[in-house]
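Report on one structure; see the data block that follows.
The values are calculated or read from the model by the stated rules, or taken from the named source; none is laboratory data. Quick caveat, the model's predicted, so the values are computed rather than measured.
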Amino acid sequence: MAITPKDAFNAARDIATHAVEKASDIVEDAGDIIRGDVSGGVNAIVQDSMEIATHAVERTKEVFTDRDGADEVDEV
């Protein structure tokens, strides 16, 4: 099945929504750095950034491979 504009739009919207939610977390993590928890804040920012990137790649892959995650196996 071909990629439809609707699928591409929905994926882009989903990726953007997730990124905005994580950006809010990053702002909170920056507050931790300001309050003195530099290591914890930086670690959390890196983790949130990786989650943004991972989600974007996975969602894009779903659109291009026409998968909804139905055949994916959960990692234990």
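Of all residues being polar (S, T, N, Q) and part of a helix (DSSP H, G or I) in the range 1-42, which is farthest from Lys61 (Cα to Cα)? Just the residue, please. Step through it out loud before you land on a result.
Initially, the range 1-42 is screened for residues polar (S, T, N, Q), giving 4, 10, 17, 24, 39.
Now narrow it down to the ones that are part of a helix (DSSP H, G or I): 10, 17, 24, 39.
Working: Asn10: 13, Thr17: 17, Ser24: 25, Ser39: 33 Å.
This residue is Ser39.
Tell me whether the range 43-55 contains one or more residues that are at pLDDT 95 or above, over 28 Å from Asp66 (Cα atoms), in a helix (DSSP H, G or I) and among the charged types (D, E, K, R).
Scanning the range 43-55 turns up no residue that is at pLDDT 95 or above, over 28 Å from Asp66 (Cα atoms), in a helix (DSSP H, G or I) and among the charged types (D, E, K, R).
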